[in-house]
Amino acid sequence: MTTVKHFQFGTPIETGAVIRNVPAAGSRIPGWVQDEAQGTLCRDLSEDEIVYGLGESVRGMNKRGWIYESNNSDDPNHTEDKHSLYASQNFFLIFSRQHSYGMFVDTPGKVSFDIGYSKMDQMKISLDDFAANVYTIEGENPTEVIRSFHDLIGKSYIPPKWAFGYGQSRWSYMNEQEVLEVVRSYRDAGIPIDSVYLDIDYMDHYKDFTINNEAFPDFDRFTRQMKEQGIHLVPIIDAGVKIEKGYDVYEEGVEKQYFCQKENGENLVAAVWPGRVHFPDFLDEKTREWFGGKYQWLISQGVDGFWNDMNEPAIFYTEDHLKEVFRKIDLYRDQNLDIRSFFAFKELVDKIDNNPEDYRRFYHHYHGQLVRHDKVHNLYGYYMTMAAGEAFRRYSPDKRILMFSRASYIGMHRYGGVWTGDNKSWWSHLLLSFQQMPGLNMCGFLYSGSDIGGFGADCTEDLMLRWLEMAIMTPLYRNHSAEGTRRQELYRFEHIDWFRNLVNLRYALIPYIYSEFMKAVLSGGMYMMPLSFVYPEDERADRVEDQLIVGESIMLAPVYLQNAVGRSVYLPEDMKLIRFRSCEDYEEEILTAGDHYIPVALNETILFLRKGHVLPMAQPAQDVEQIDYSKLFYLTYEAEPEDYELYNDDGISPVS
């Protein structure tokens, strides 16, 4: 049994995150010290309390010991000293043996969560504007709290089933021939694949909802050709609309006043990939309907998946600020630049992009009011994806469309999934992406994943193998890399047979992955959980940061250290270790509860099957559509195959 309470400070801006009405119980939250003048809420933390949540953020699953900020940021360097990444997901859960307590701070402005940083035994929440809807949820265990929170904010977005297959991406595949070569190479290598992603260069000079006709001369024909080969093309859509006369999206947006404006009524001129752009005012309902309708043109071309990017929004510069910088640079022209003046000069250029002042230069029309952007900054990516999701329901009511986004806020989870943005080919980022998954699930984002192998820097063969093994259960399974980095398509590595076996294993596991994902969505639960959620009485389980429970049957414990030939694992109960070298070549071993060192070769994937549970598996297939559900086989541990409730559907039709 859980208790949900709603508290309201001031006159908050409605975000649309919450869908269930909970009348406000006042403005004083029991157990918290409030200072409205300082805009803070404070609470003591006992030594045994763990703080989970905050979605996509740095550091481990337990968030104690750092300051986290809700301030959607275009920053590809996800190092431990950062405070904010691409998303703002203001839900956390305080867990101990005695209680489980969740809180959602629903406000679109900047929020700081100091969780034992300034004082090790204290949590302090600071709001730029002390106006928020705050929801508290108390329950006997964390699972109850999460279900109540998901009931408050609504069920997760559900993608088409093919979106659980392997996807290959790159910034960029430049033309038809390159895409065809990627697909042919995967098929020749016998490695399953369902999708190829088209980054910014498929467009005509980076203009949204256009095609580079020289690179893709007959895009409609090409998408059909790909579908015949079992491949879905997934193009990127960016937030900025290029300023160019004759470009219909730009012309319509100016005519209908769909773009964000400055205080003087002029459209803001910023810059992203195309150079000078306007930003659509996604918080305005009319703009969302207009922009969302543009996706229909690509859907009519055979596209059934998209990813929204650069929607924090990322700003290379604004025209106004760029002029200011050039004026200031001139002041340094004849100076002797010492240590202070040199770094001040350097900072002028270093801080051109995503400058905080630029986010105060423009406004939105929101619920009949003119609101400065920084007050609602964290909603921008959410409402861009809402525009697409609403359009999909209008134009494709009988078909699921893949959608995931870089920037997000709680509530967006109803319209699309997320990926964790521009990570690096670092071993530390392999572990970080694993640890981000339960936090995203808590906040409602069940369809999620990272750029496998890392987006920036050069991926090594061993890192790619371990990353694929780590992500073997994540719903989004996409390999993505940046321009200028080592090519990391799987067929380019030395041990192609290892990669083939690994991706075959992923496809063999899709009946379980899809079933457990769907059951989590429909029940309002979680798909990937910390051990403490499943073993709430086990104090050792509380402190495990590198193992997860996935669905009802599996514990995942990946190898995440370079050159490691195994790892230590804690088992809260007796489990069956399944050591896969391929779908056909695997070993099973019963291990007793406690600590174990498990050798794991580079070409092995280990899964742990819980006692009394079942793992359904399929024969490998070259794409999801070819998975034969009539020939499933079952791995069991003190259970029978019929003990498992398998969820399956056509993978395309909407699910209510």
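The values are calculated or read from the model by the stated rules, or taken from the named source; none is laboratory data. Computed from a predicted structure; not experimentally measured. Neighbour counts run over all protein chains shown; Cβ positions are idealised from the backbone, glycine included. In case anyone asks, the SASA skips ligands and DNA or RNA and just uses the protein heavy atoms, side chains included. Shrake-Rupley method; radii C 1.70, N 1.55, O 1.52, S 1.80 Å.
Filter region 172-207 down to the residues that are out of contact with any helix residue (DSSP H, G or I) (no Cβ under 6 Å at 6 or more places or on another chain) and in a loop (DSSP other than H, G, I, E, B), then identify the one that is nearest to M384 (Cα to Cα).
K207
I'd like the full set of residues that are at pLDDT 95 or above and charged (D, E, K, R), limited to region 493-538.
At the first step, the residues of region 493-538 found to be at pLDDT 95 or above are 493-535, 538.
Those that are at pLDDT 95 or above and charged (D, E, K, R): E494, D497, R500, R506, E516, K519, D538.
Restricting to region 64-118, name every residue that is in a loop (DSSP other than H, G, I, E, B), within 21 Å of the chain's Cα centre (by Cα), within 22 Å of R28 (Cβ to Cβ) and not small (G, A, S). Walk me through how you get there before you give the answer.
So the first thing to find is which residues in region 64-118 are in a loop (DSSP other than H, G, I, E, B), and the list is 64-65, 71-86, 89-90, 96-99, 107-110, 116-118.
Still in the list and also within 21 Å of the chain's Cα centre (by Cα): 71-86, 89-90, 107-110.
The next check asks that each one be within 22 Å of R28 (Cβ to Cβ); those that pass are 90, 107, 109.
Correct list: N90, T107.
Tell me yes or no: at least one residue of region 458-472 is touching a strand residue (DSSP E or B) at 6+ places or on another chain (Cβ under 9 Å), open to solvent by 10 Å² or more (accessible area, probe 1.4 Å), more than 19 Å from Q547 (Cα to Cα) and not in a helix (DSSP H, G or I).
No, every residue in region 458-472 fails to be touching a strand residue (DSSP E or B) at 6+ places or on another chain (Cβ under 9 Å), open to solvent by 10 Å² or more (accessible area, probe 1.4 Å), more than 19 Å from Q547 (Cα to Cα) and not in a helix (DSSP H, G or I).
Could you look through region 126-142, keep only residues that are hydrophobic (A, V, I, L, M, F, W, C), touching a Gly at 6+ places or on another chain (Cβ under 7 Å) and part of a strand (DSSP E or B), and pick out the one that is nearest to G116 (Cα to Cα)?
Within region 126-142, the subset hydrophobic (A, V, I, L, M, F, W, C) is 127, 130-132, 134, 137.
Right, trim to touching a Gly at 6+ places or on another chain (Cβ under 7 Å) and you get 127, 130-131, 137.
From the residues that got through so far, the ones that are part of a strand (DSSP E or B) too are 127, 137.
Values: L127: 17, I137: 21 Å.
Top of the filtered list is L127.
Would you pick out the residues in region 341-365 that are touching a residue at least 40 places away in the same chain (Cβ under 8 Å) and not acidic (D, E)? I'd like the intermediate steps shown before the answer.
Filtering region 341-365 down to residues touching a residue at least 40 places away in the same chain (Cβ under 8 Å) leaves 353-355, 358-359, 361-365.
Result: N354, N355, Y359, R361, F362, Y363, H364, H365.
Of all residues in region 583-605, count the ones that are within 26 Å of Y647 (Cβ to Cβ) and touching a helix residue (DSSP H, G or I) at 6+ places or on another chain (Cβ under 8 Å).
Result for region 583-605: 2.
Looking at G444, G454, G381, G439 in this structure, which one is crowded, with 23+ Cβ neighbours inside 10 Å, in contact (Cβ under 8 Å) with a residue 60 or more places away in the chain and in a loop (DSSP other than H, G, I, E, B)? Full working, then the answer.
Working: G454 fails: in contact (Cβ under 8 Å) with a residue 60 or more places away in the chain; G381 fails: in a loop (DSSP other than H, G, I, E, B); G439 fails: in a loop (DSSP other than H, G, I, E, B).
Among G444, G454, G381, G439, only G444 is crowded, with 23+ Cβ neighbours inside 10 Å, in contact (Cβ under 8 Å) with a residue 60 or more places away in the chain and in a loop (DSSP other than H, G, I, E, B).
Among the residues that make up region 592-606, is at least one of them open to solvent by less than 10 Å² (accessible area, probe 1.4 Å), under 25 Å from A618 (Cα atoms) and assigned to a loop (DSSP other than H, G, I, E, B)?
Yes; the residues of region 592-606 include at least one that is open to solvent by less than 10 Å² (accessible area, probe 1.4 Å), under 25 Å from A618 (Cα atoms) and assigned to a loop (DSSP other than H, G, I, E, B).
Pairs, please: C-beta under 6 Å, at least 6 apart or cross-chain, first residue within 24 Å of A520 (Cβ to Cβ) and in region 550-575, second aromatic (F, W, Y) and open to solvent by 10 Å² or more (accessible area, probe 1.4 Å)?
That search, which allows pairs on different chains as well, returns P572/Y535.
Working only within region 607-649, note down all residues that are open to solvent by 20 Å² or more (accessible area, probe 1.4 Å), acidic (D, E), in contact (Cβ under 8 Å) with a residue 24 or more places away in the chain and part of a loop (DSSP other than H, G, I, E, B).
Within region 607-649, E638, E640, E645, D649 qualify.
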